[in-house]
Amino acid sequence: MIGSTEVTRKKITRGSILEKLYASQSMPMLVQTLELALLPENPQINADMVPCLNFLADRGYILVIRPEEPDINPMRGVLVRITDKGQDVVEGTVKDASIAIAGGR
């Protein structure tokens with residue numbers, strides 16, 4: 001069983017990803033750029049990034065744009081963009097208990 005600290009950390013990481021993508025005004029962002037942007041506040045982001053991106057994509061909050069010719073590393077060159085549904089979560093018009101947005105939205 002996952003401890004409550006681990007669950008909270010995952011919720012915050014998912015929220016941070018959505019907030020960074022929201023701030024980019026729907027412009028697609030390279031996964032590496034997103035990871036670097038989150039690194040100062042979350043030093044272990046590299047371990048959480050792919051599971052959190054998959055989670056957010058499965059919920060329809062982000063769109064994953066894969067390169068035409070994938071590299072050896074499947075996440076290299078991949079772009080992500082927030083969807084309208086993801087924007088609703090950041091703005092607080094849609095509630096999702098699995099995501100923690102700064103300011104408690």
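Laboratory data are not the source of any read-out in this text; all were calculated from the coordinates shown. These figures come from a predicted structure and were not determined experimentally. Every residue, glycine as well, gets a Cβ built from its backbone with ideal geometry; the counts of neighbours run over all protein chains shown.
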Taking first residues from the stretch 10-38 that are under 17 Å from residue 83 (Cβ atoms) and second residues anywhere that are of a type in the set (Ser, Thr, Tyr), the pairs with Cβ under 7 Å that are 6 or more apart or on different chains are 14/98; 18/61
Out of (1) over 19 Å from residue 83 (Cβ atoms); (2) out of contact with any helix residue (DSSP H, G or I) (no Cβ under 9 Å at 6 or more places or on another chain), what's the single condition that is false for residue 57? (1)
